[in-house]
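**Student:** Mind looking over this structure? Questions follow.
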Amino acid sequence: MSILNKVRKYRDDENRLKWEGTFAEYLELVKKRPEIAQTAHSRVYSMIRNAGVEVKDGQKSYNFFNREMFGLESALERLVEEYFHPAARRLDVRKRILLLMGPVSGGKSTIVTMLKRGLEQFSRAEEGAVYAIKGCPMHEDPLHLIPHHLRDEFYEEYGIRIEGSLSPLNTMRLEEEYGGRIEDVMVERIFFSEDRRVGIGTFTPSDPKSQDIADLTGSIDFSTIAEYGSESDPRAYRFDGELNKANRGMMEFQEMLKLDEKFLWHLLSLTQEGNFKAGRFALISADELIVAHTNETEYRSFISNKKNEALHSRIIVIPIPYNLKVSEEERIYEKMIRESDMAHVHIAPHALRAAAIFSILTRLEVPKKQGIDLLKKMRLYDGENVEGFNEVDVAELKKEFPNEGMHGIDPRYVINRISSAIIRKEVPSINALDVLRSLKDGLDQHPSISQEDREKYINYIAVARREYDEIAKNEVQKAFVYSYEESAKHLMNNYLDNVEAFCNKNKIRDPLTGEEMNPDEKLMRSIEEQIGVSENAKKAFREEILIRLSAYARKGQRFDYNSHERLREAIQKKLFADLKDIVKITTSSTTPDESQLKKINEVVATLVDEYGYNTTSANELLRYVGSLLNR
Ligand SMILES: Nc1ncnc2c1ncn2[C@@H]1O[C@H](COP(=O)(O)OP(=O)(O)O)[C@@H](O)[C@H]1O
Ligand SMILES: [Mg+2]
């Protein structure tokens, strides 16, 4: 569909969704679908819940955030369960400002933007529909028209509690335009839109000296005073502050803690009492979610200021730490690259992983637990199997530092360094080493890294590099083995046949000649030695394998070459060991002969076809691994 068609369709959809009717008609709608009268907080919560929630290992994961936020499941669960959920049920947290606190580039703004864009869409959906008094600049809730003395009865009949009073402007309009007949007041469906300033607002402080409260709460329109005769006529007031416009939806408060206290007090009364003061009018009721964000330093200095004491209890702080999982970090980079102008550049496999390993290491606290180092902790956090540890250990590790992830390298730094690596290199293809080098070079210019951290970080780059070296060697060796999976499977089956014969004291039959032979001790040992199974331990090892094999058979499962971690490792090492010399000589030869050249071309082709390299990065990889093997 062309873009203009899409625009047209959107407009048509919107026209189709439009609704307008009298308050009496609106009440009919409310009776059928009470959710259209829900509060702003409740609407946000429904929006998140409607997108779906999955529970994995006791951890909730919200589809609403999943599309763009990675590795923050537990922080987001806290956000939803400690704020949105109780706020939706009209509990007291609703009356507090939501403050997301976390390190720079940790996704705070992204979360807020997702909520805003989400609400815009949700207000166009059936379940998220919002209605307002027609012609009201604050899109006031039509139920405010119900007089206070009738609200208990309204609750009896509709099951809906009404909060807030009819605004001064609509009180006047009710009299002037509708002769006091609330049933005739026109109501319309509204659609949230930040661009059109409906239900979504953003407040950014300007210079504290010139900051005008009118930006938040609107102001007198002096040109109309002559017409209406007085400043206290609500028609002479422009309800166009950010708080007015965000009514029924949400307002993002940028740099909130940098603001003057005078400003903060307005907000507090809004959140606390659900109303604010504007001009010379009675208090104006508003119903909106207010979200601010800040970093830890700013927050600490805010709470250490005595003057702000009264504000503390009116803010609810939800920490948004960095992601701590390597594979999720890779997804963050992939997303950021996709969204950037580097999307066309070839990024060799494992380049982002190498960067992610580095970033995560800078964010993790060194474990206190015995027998575990930072690298193992990193693997465990990412859900990998680490011999000798299980989920209980992971939970314990997490408990050691409940506030982990509040410092370290941020994703944007990594993306900036990748981008500068691309600029430096002339070919549009970069690999893990380019990325690690660029990450290292950039540390000098990083504004917020202390000398001490810099040394630690340089060490982490070395660790990431060693991890990458292993990955690179494996990859090349795999590509050298003619059809790796096949070969591994073949060798494994061969081994298992022999083990079975050995344990059962049977002979083995040669598939070609039919001749009976003793189990091939040399073959079995050559595999077992790869993982250090000693002559004395071999019997026990083989028996264990056999037990595992029959356990699989009993359950009707296939025992394949991934079923036994150590055996898999042994098979892989054996395959590689057989090839070691070939790989070494072929990759490091400066003047390869014809057969070597042929092999190199084959390997490059495998790397390109099956492993996601391009010819540049595949050749770079071969050269690098050649140098590693010759060290
Ligand atoms: N956990 C995460 N999942 C997905 N993207 C993330 C995550 N953390 C950071 N990002 C990305 O990093 C960039 C900076 O995030 P941003 O929301 O601006 O951070 P903040 O407001 O906390 O400084 C954005 O492109 C964001 O999408
Ligand atoms: Mg931000």
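**Student:** Surrounded by 11 or more Cβ atoms within 10 Å (Cβ to Cβ), free of Cβ contacts under 8 Å to residues at least 24 places away in the same chain and not in a helix (DSSP H, G or I), is that true of Pro519? First the steps, then the outcome.
**Tutor:** Working: surrounded by 11 or more Cβ atoms within 10 Å (Cβ to Cβ): yes; free of Cβ contacts under 8 Å to residues at least 24 places away in the same chain: yes; not in a helix (DSSP H, G or I): yes.
The answer is yes for Pro519.
**Student:** Kindly evaluate Thr587 against the criterion of being touching a residue at least 40 places away in the same chain (Cβ under 8 Å) and in contact with a Gly (Cβ under 8 Å, 6 or more places away or on another chain). Full working, then the answer.
**Tutor:** Details: touching a residue at least 40 places away in the same chain (Cβ under 8 Å): yes; in contact with a Gly (Cβ under 8 Å, 6 or more places away or on another chain): yes.
Yes: the conditions hold for Thr587.
**Student:** Go through segment 318-328 and report how many residues are surrounded by fewer than 19 Cβ atoms within 10 Å (Cβ to Cβ) and within 16 Å of ligand 2 (Cβ to nearest atom).
**Tutor:** 0
**Student:** State the number of residues belonging to segment 224-268 that are assigned to a helix (DSSP H, G or I) and more than 28 Å from Ile316 (Cβ to Cβ). Break it down into steps so the answer makes sense when it comes.
**Tutor:** Going through segment 224-268, the residues assigned to a helix (DSSP H, G or I) turn out to be 224-228, 234-236, 242-245, 256-258, 261-268.
Adding the requirement that they be more than 28 Å from Ile316 (Cβ to Cβ) leaves 224-228, 234-236.
Looking only at that region, the number is 8.
**Student:** Among the residues in segment 40-63, are any part of a helix (DSSP H, G or I) and exposed (fewer than 12 other Cβ atoms within 10 Å of the Cβ)?
**Tutor:** Looking only at segment 40-63, we keep the residues that are part of a helix (DSSP H, G or I), and these are 40-50, 63.
Still in the list and also exposed (fewer than 12 other Cβ atoms within 10 Å of the Cβ): none.
There is no residue in segment 40-63 that is part of a helix (DSSP H, G or I) and exposed (fewer than 12 other Cβ atoms within 10 Å of the Cβ).
**Student:** Still on this structure: Restricting to segment 174-199, name every residue that is of a type outside the set (A, V, I, L, M, F, W, C), in contact with a Ser or Thr (Cβ under 9 Å, 6 or more places away or on another chain) and under 30 Å from Ile290 (Cα atoms). Spell out how you get there, then give the answer.
**Tutor:** Looking only at segment 174-199, we keep the residues that are of a type outside the set (A, V, I, L, M, F, W, C), and these are 175-181, 183-184, 188-189, 193-197, 199.
Narrowing the set further to residues that are in contact with a Ser or Thr (Cβ under 9 Å, 6 or more places away or on another chain) leaves 183-184, 189, 193-194, 199.
Hits for segment 174-199 are Arg189, Ser193, Glu194, Gly199.
**Student:** May I ask you to say which residue of Arg94, Arg124, Arg90 is basic (Lys, Arg), under 22 Å from Ile316 (Cβ atoms), surrounded by fewer than 20 Cβ atoms within 10 Å (Cβ to Cβ) and touching a residue at least 24 places away in the same chain (Cβ under 8 Å)? So that I can check it myself, show each step before the final result.
**Tutor:** Working: Arg94 fails: surrounded by fewer than 20 Cβ atoms within 10 Å (Cβ to Cβ); Arg124 fails: under 22 Å from Ile316 (Cβ atoms).
Step by step, each of Arg94, Arg124, Arg90 is checked, and only Arg90 is basic (Lys, Arg), under 22 Å from Ile316 (Cβ atoms), surrounded by fewer than 20 Cβ atoms within 10 Å (Cβ to Cβ) and touching a residue at least 24 places away in the same chain (Cβ under 8 Å).
**Student:** Can you tell me which residues in segment 205-223 are part of a helix (DSSP H, G or I) and either β-branched (Val, Ile, Thr) or surrounded by fewer than 14 Cβ atoms within 10 Å (Cβ to Cβ) (or both)?
**Tutor:** Our first condition is that a residue be part of a helix (DSSP H, G or I); within segment 205-223, this holds for 214-217, 222-223.
Thr217, Phe222, Ser223 - these are the residues of segment 205-223 that are part of a helix (DSSP H, G or I) and either β-branched (Val, Ile, Thr) or surrounded by fewer than 14 Cβ atoms within 10 Å (Cβ to Cβ) (or both).
**Student:** Residues in segment 282-294: is at least one out of contact with any helix residue (DSSP H, G or I) (no Cβ under 6 Å at 6 or more places or on another chain) and within 16 Å of ligand 1 (Cβ to nearest atom)?
**Tutor:** Looking for residues that are out of contact with any helix residue (DSSP H, G or I) (no Cβ under 6 Å at 6 or more places or on another chain) and within 16 Å of ligand 1 (Cβ to nearest atom), one finds none in segment 282-294, hence no.
**Student:** Quick check on this structure: which one of Lys31, Lys9 is basic (Lys, Arg), away from ligand 1 (no atom under 16 Å from the Cβ), closer than 30 Å to Leu174 by Cα and surrounded by fewer than 16 Cβ atoms within 10 Å (Cβ to Cβ)?
**Tutor:** Numbers: Lys9 fails: closer than 30 Å to Leu174 by Cα.
Answer to the check: Lys31.
**Student:** Also, quick follow-up: Can you find, within segment 294-316, the residue that is nearest to Gln254 (Cα to Cα) among those that are within 16 Å of ligand 2 (Cβ to nearest atom) and touching a residue at least 60 places away in the same chain (Cβ under 8 Å)? If you could, list the steps in order and put the result at the bottom.
**Tutor:** Kept after step one, since they are within 16 Å of ligand 2 (Cβ to nearest atom), are these residues of segment 294-316: 294-299.
Next, from what is left, pick out any that are touching a residue at least 60 places away in the same chain (Cβ under 8 Å): 294-296, 299.
Working: Thr294: 8, Asn295: 12, Glu296: 15, Tyr299: 13 Å.
This residue is Thr294.
**Student:** Provide a single number: the residues in segment 404-453 that are among the small types (Gly, Ala, Ser), more than 16 Å from ligand 1 (Cβ to nearest atom) and assigned to a loop (DSSP other than H, G, I, E, B). Give the steps one after another, and end with the answer.
**Tutor:** Of segment 404-453, the ones among the small types (Gly, Ala, Ser) are 405, 408, 419-421, 429, 432, 438, 442, 448, 450.
Next, only the ones that are more than 16 Å from ligand 1 (Cβ to nearest atom) stay: 420-421, 429, 432, 438, 442, 450.
This time we only want the ones that are assigned to a loop (DSSP other than H, G, I, E, B), so: 450.
Result for segment 404-453: 1.
**Student:** Inside segment 318-353, can you point out the residues that are near ligand 1 (Cβ under 10 Å from one of its atoms), among the basic types (Lys, Arg) and either over 12 Å from Asp382 (Cβ atoms) or in a helix (DSSP H, G or I) (or both)?
**Tutor:** Within segment 318-353, Arg331, Lys335 qualify.
Taken together, the values in this text are just the output of simple stated rules run on the coordinates, not laboratory data. None of these values were measured; they are calculated from a predicted model. Note that each Cβ is placed from the backbone with ideal geometry, even for glycine, and that neighbours are counted across all protein chains shown.
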